[in-house]
Structure formats: C-alpha cells, structure tokens
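A quick write-up on the structure given underneath.
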Amino acid sequence: MMRLLAAAVLLCASATVLAQLRTVPADAKRGEMRHLQDMTVQIDKTQARLAPGAQIRDIHNRLLLPAAVPPGSIVKYQADAQGIVHRVWILTPQEAAQSAPANK
C-alpha cells in the first residue's frame, strides 16, 4: 500500500512539472541578441545593459548566464524606461516563427 501511495505521489509531482508552461508576456519585445561583455548585450545592433539579477531563460526555461547566450539568438525581452534589460526568453524555432514580423 505504501509503494502504491509513493508511486501516486511521484506521478502527481512529475505531472505538475510537465504541466508548467513558460509564458512570455505579450508586451515583451522581439529581437536578435548576442552577448558582448560582462553585463552588456547587443539586441538588434543596439547595445543594452542587463539589470543586476537579470534573468535569461533558454528554450527549456532554464536560467542562463549572459556569456552562455548563443550568438544571434532570437529572443523576447523586457526592458525598463532607461532601456535596461531585466528579462529575456530565448525563443524556440516554433516561437520565433509565430512571432516573426509580418513583412518578412
């Protein structure tokens, strides 16, 4: 009986993990990003600073260090009024295709 209970708990826990979808806010801007140095990135040919504690998420929603961002990554990002980037999501090929500009 205890094994059955343990298996049920494990199954529920794994289902919860699988059910977690990443959500990219609708107001996030799209761009092509690469790391330049330290806390500086380039988004669409414009240099931008990363905020202290900035979060960069890969296609599996794992946190990345800025230097680990693949050059030329298609991303969605959020920046404050001064242009300091605080959240970045590297897009999957499917997400990139869905959010591609209409004129391309």
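The values are calculated or read from the model by the stated rules, or taken from the named source; none is laboratory data. Note that the structure is predicted; figures quoted are calculated from it, not measured. Here the Cβ positions follow ideal geometry from the backbone for every residue, glycine too, while neighbour counts run over all protein chains shown. What goes into the accessible areas is simple: the full protein's heavy atoms, side chains included, and nothing from ligands, DNA or RNA. Shrake-Rupley method; radii C 1.70, N 1.55, O 1.52, S 1.80 Å.
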**Prompt:** For residue 59, all conditions in the list (1) open to solvent by 30 Å² or more (accessible area, probe 1.4 Å); (2) among the hydrophobic types (A, V, I, L, M, F, W, C); (3) free of Cβ contacts under 8 Å to residues at least 24 places away in the same chain hold save one; what is the number of the exception?
**Reply:** (3)
**Conditions (1) surrounded by 10 or more Cβ atoms within 10 Å (Cβ to Cβ); (2) modelled with pLDDT of 90 or more: number failed by residue 11** = (2)
**Prompt:** Only one of these conditions is not met by residue 77: (1) modelled with pLDDT under 95; (2) surrounded by 15 or more Cβ atoms within 10 Å (Cβ to Cβ). Which number is it?
**Reply:** (1)
**Qualifying positions in the stretch 80-103 - open to solvent by 80 Å² or more (accessible area, probe 1.4 Å) and in contact with a strand residue (DSSP E or B) (Cβ under 6 Å, 6 or more places away or on another chain)** = 87
**Request:** Could you list, in sequence order, all residues of the stretch 33-47 that are under 27 Å from residue 21 (Cβ atoms) and of a type in the set (A, V, I, L, M)?
**Result:** 33, 41, 43
